[in-house]
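J.: My questions will all concern the structure given below.
Since every read-out is calculated from the coordinates, none of them should be taken as a lab result. Computed from a predicted structure; not experimentally measured. Note that we place each Cβ from the backbone using ideal geometry, even for glycine, and neighbour counts take in every protein chain shown.
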Amino acid sequence: MEFITVTAKTLDDAITEALVQLGVTSDQLDYQIIEKGSAGFLGIGMKQAVIKARRKEEVKEEEPEIELPKVDISLVKEPVKKEARKEYKREKEGTRKECGRKEDSKKDHGKKDYVKKEPKKKSAAKEQPVTDISERKEEPLAKVEDCTIEACEKFVRDVLTAMDMADVKITSVIDEEGALSIDMEGSNMGILIGKRGQTLDSLQYLTNRVANKMQEGYVRVKLDTEDYRRRRKETLENLARNIASKVKRSRRTVPLEPMNPYERRIIHSALQSDPAVSTHSEGEEPYRRVVVTLVRNR
């Protein structure tokens, strides 16, 4: 990608302008300083900062073909056909009881679960399009059962083994929010993180599906490695503040690059306490993005 030339009063302003024009975050920006700029004396001799910037080139590495592990797919994907659903319930009946599932009463025997009002509402909620976490009321977290932790660790370990990463150390704890936090430690973990954390996010999504098949109530699983979540959060918070400053100066609405629900929530939270700007999300997944707008009536 060719360089673009950006001019602003200060070096920080030039970098922020480049981020906005290219639609990238700070860790994806490659720039060269042409002129640092100076304020001069009482405005005399003032020089503007000039940089040349472009999006960092992505180095495509040839990835070896990976044979997927033989895991229980029924833990990830629900059966579609009625007969498959019945077979699935018979096979997993013992596991559900061990994880605290309640047996159906004799009074309700013979009634189909999906006809009941409560399960029907729960199923409908799962089929709704993914929206911002900050824009919906999240279910209270259930206590994570031991069998759920074991199932999640086994699933993650099977995937890592298929990726020739069997030596990765897995540590599971229940964090202060009551969520199951799984940390992975080993060599070459960049492969597991993937571009903008997409591989890590995908594995986290599947592990959440496994966890919520094992017990009643809503369970949330967080996957992390090499402190990636914290580092990414700091990058997005810095970007949010830079964009907010840009909106205040230019008095123009600025849309950010498409982000997943977790990253959009970080942007919303970072600017929530700033009374000069407001944020909302536009578009459909996976191209949904945060838009930062100036609050004019203050």
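J.: For the cross-link pairs LYS169/LYS233; LYS47/LYS248; LYS195/LYS246; LYS56/LYS195; LYS169/LYS195, which exceed 19 Å when the distance is taken from alpha carbon to alpha carbon?
T.: Working: LYS169/LYS233 24 Å; LYS47/LYS248 23 Å; LYS195/LYS246 27 Å; LYS56/LYS195 12 Å; LYS169/LYS195 22 Å.
LYS169/LYS233; LYS47/LYS248; LYS195/LYS246; LYS169/LYS195, as the Cα separations exceed 19 Å there.
J.: For the range 213-285, build the charge dipole from Cβ charges (+1 Lys, Arg; -1 Asp, Glu) around the Cα centre, then report which of THR253, HIS280, MET214 sits farthest towards its positive end.
T.: About the Cα centre, the residue reaching furthest to the positive side is THR253.
J.: Please compute the contact order of the range 162-298 in relative form: average sequence separation of alpha-carbon pairs under 8 Å and at least six residues apart, divided by the residue count, as a percent. Spell out each step's value before the answer.
T.: Values: 175 pairs, mean separation 24.1, N = 137.
Here the relative contact order equals 18 percent.
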